[in-house]
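Structure, as structure tokens:
The values are calculated or read from the model by the stated rules, or taken from the named source; none is laboratory data. Here the structure is a predicted model, which means the values were calculated and not measured. Note that each Cβ is placed from the backbone with ideal geometry, even for glycine, and that neighbours are counted across all protein chains shown.
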Amino acid sequence: MEQVSKPETEEILRLAESTLSVEGDFVELGCYKGDTSLKLAKLLKPSDKKLWLYDSFAGLPEKTREDQSAAGDQFKKGELFVTKREVVLKFKRAGLRVPIIKKAFFEDLDPETDLPGKIAFAFLDGDLYGSIKTSLKLVAPKLDKQGTIIVHDYNNPELPGSSRAVDEFLSQNPNFRLSQNHTLAILRTN
């Protein structure tokens with residue numbers, strides 16, 4: 001099952017490439033099988049930037065009321081399970097340097113020790129309200145002024161929590177502006 005479509009992946013890579021000269025590393029919160037991660041790593045190969053990946057490697061957490069949708073009944077606790085080992089092997093098979101990989105639910109991450117000091121590019125694909133809300137809280141304070149945050153599943157009727165978390169973040173952070181492409185919310189500072 002493809003989690004990020006080909007057009008979405010192309011847009012993610014285009015936006016990531018535009019931040020290569022921005023100070024900071026790349027982060028992906030919710031890497032699943034590492035398909036997008038692999039493409040980001042290839043993009044970073046000639047640079048000295050690091051790629052940081054985060055996933056529970058335990059599947060999705062429990063939905064909250066903000067995630068409820070008749071269209072998204074298939075997204076249940078434990079779904080989208082993959083092991084950290086599978087992601088590491090994917091990088092080794094591709095002949096790419098294994099990124100920094102943190103196995104944890106996002107709310108268990110320490111922003112001081114588990115994230116880079118400066119972020120140029122962030123791809124947030126936590127699917128659910130709590131995951132996206134926490135991801136934004138972790139990443140936004142570390143984002144370079146010229147950096148970019150992309151949130152997947154914005155305006156996806158199957159995963160309404162993603163949109164709710166982004167909309168709440170924007171209402172509380174007027175220094176960020178939103179643009180959209182496919183189901184990607186693209187956040188940059190004003």
Criterion (part of a helix (DSSP H, G or I), surrounded by 11 or more Cβ atoms within 10 Å (Cβ to Cβ) and out of contact with any Cys (no Cβ under 9 Å at 6 or more places or on another chain)) met by exactly one of Lys63, Lys39: Lys39
Candidates Gly34, Gly24, Gly30, filtered to the one that is closer than 21 Å to Val139 by Cα and over 13 Å from the mean Cα position of the chain (by Cα): Gly24
Where Leu159 falls short, out of the listed (1) under 20 Å from Leu40 (Cα atoms); (2) modelled with pLDDT under 95: (1)
Pick from the range 1-25, criterion part of a loop (DSSP other than H, G, I, E, B) and among the small types (Gly, Ala, Ser), ranking: nearest to Lys103 (Cα to Cα): Gly24
Filter result for Phe75 (surrounded by 15 or more Cβ atoms within 10 Å (Cβ to Cβ), at pLDDT below 95, more than 17 Å from the chain's Cα centre (by Cα) and assigned to a loop (DSSP other than H, G, I, E, B)): yes
Some residue of the range 47-58 being among the hydroxyl-bearing types (Ser, Thr, Tyr) and either more than 30 Å from Ser18 (Cβ to Cβ) or touching a residue at least 40 places away in the same chain (Cβ under 8 Å) (or both): yes
Subset of the range 128-160 [under 17 Å from Thr183 (Cβ atoms), among the acidic types (Asp, Glu) and over 13 Å from the mean Cα position of the chain (by Cα)]: Glu158
Qualifying positions in the range 82-104 - buried (at least 16 other Cβ atoms within 10 Å of the Cβ) and either of a type in the set (A, V, I, L, M, F, W, C) or part of a loop (DSSP other than H, G, I, E, B) (or both): Val82, Val87, Phe91, Leu96, Pro99, Ile101
Failed condition for Ile12, given (1) more than 17 Å from Asn156 (Cβ to Cβ); (2) of a type in the set (Val, Ile, Thr); (3) in contact (Cβ under 8 Å) with a residue 40 or more places away in the chain: (1)
Given (1) of a type in the set (Asp, Glu); (2) assigned to a helix (DSSP H, G or I); (3) within 19 Å of Leu53 (Cβ to Cβ), number of the condition Glu28 does not satisfy: (2)
